[in-house]
Amino acid sequence: AGWAAIPIALWKYRAGEFAQAREYGRYGLNPAEFTAKSATLRLILAMVCYRSGQADEAREYLGQARAQVEEKFKPGLDRGDQGVGLWYDWLFARVLLREAEGLINREGTAGK
């Protein structure tokens, strides 16, 4: 069920339906997991929180997801597996990481 939450949460986020995006993101997230799924959902939640005016929570999700993605790519990306995510799941998370960092870091420092 968690993997299915990703496209729905992202779709709701892109449509500006932040409350629903948050609901699906939290539904699919298991905070104890180290998976591409959890990293991706954290990134979606980071962007949702930021757009909803909850910058501190957004940065927390962003930091957690960044740590996961960086840890996975540190030794070099491998094929992966169905449990923690295949290589393309991690690449998708990395793309969203760049988007989330661009949103939160760029807008978060505007006017400072």
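The values are calculated or read from the model by the stated rules, or taken from the named source; none is laboratory data. These figures come from a predicted structure and were not determined experimentally. Using ideal geometry, Cβ is built from the backbone for each residue, glycine included, and neighbour counts are taken over all protein chains shown. Each accessible area value is taken on the protein alone, full model and side chains, heavy atoms only, with ligands, DNA and RNA left out. Shrake-Rupley method; radii C 1.70, N 1.55, O 1.52, S 1.80 Å.
Which of the residues spanning region 35-63 are charged (D, E, K, R) and over 23 Å from residue 80 (Cβ atoms)?
Hits for region 35-63 are 51, 56, 57, 59, 60.
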Cβ pairs under 6 Å, 6+ apart, first in region 73-87 and without any contact (Cβ under 8 Å) to a residue 24 or more places away in the chain, second of a type in the set (Lys, Arg) = 87/79
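List the helices (runs of 4 or more DSSP H) inside region 13-112, counting only whole elements, that have at least 3 residues being open to solvent by 80 Å² or more (accessible area, probe 1.4 Å).
Ranges flagged: 18-28, 55-73, 87-108.
Looking at 51, 22 in this structure, which one is touching a helix residue (DSSP H, G or I) at 6+ places or on another chain (Cβ under 9 Å), touching a residue at least 12 places away in the same chain (Cβ under 8 Å) and under 16 Å from residue 99 (Cα atoms)?
Just one listed residue meets the conditions, 51.
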